Amino acid sequence: FGDAGAEALAAAGSDGRIETLDLRHCGIGDAGVTALCASPAVRGVRRLRLQRNRLTAEGVRALAGFERLEELARRYNPLGPAGARALVEAPFAGSLR
């Protein structure tokens, strides 16, 4: 799937009613997450599963585009200290379960 698949999903025509997006083990990196976050097709996502991908601090900062995010599964990504800081500072941090 990778970044190209995420970019294709972001470009797909949708009415933005997708609430759950499960992209575990898909090889998605920062470019793919950035494309998804900028897309009206998936902007309404409330539950996002990104375990075991290639997400770094840059991708975490892009997640701010998911304004309605309530659940974020992001284990086993190389976030590093900057990524952890970006998660804590994200606009949705207070509403995550």
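Below is a table of values for the structure above.
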| item | result |
| --- | --- |
| Condition met for residue 69 (under 8 Å from the mean Cα position of the chain (by Cα) and at pLDDT below 95) | no |
| Selection count, region 32-63, where residues are out of contact with any Asp or Glu (no Cβ under 9 Å at 6 or more places or on another chain) and more than 17 Å from residue 9 (Cα to Cα) | 2 |
| Within region 1-37, tally of residues that are part of a loop (DSSP other than H, G, I, E, B) and either touching a residue at least 40 places away in the same chain (Cβ under 8 Å) or over 10 Å from the mean Cα position of the chain (by Cα) (or both) | 13 |
| Qualifying positions in region 38-47 - in a strand (DSSP E or B) and surrounded by 22 or more Cβ atoms within 10 Å (Cβ to Cβ) | none |
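The values are calculated or read from the model by the stated rules, or taken from the named source; none is laboratory data. In this text, all values refer to a predicted model and were calculated from it rather than measured experimentally. Positions of Cβ are backbone-derived with ideal geometry, glycine not excepted, and every protein chain shown enters the neighbour counts.
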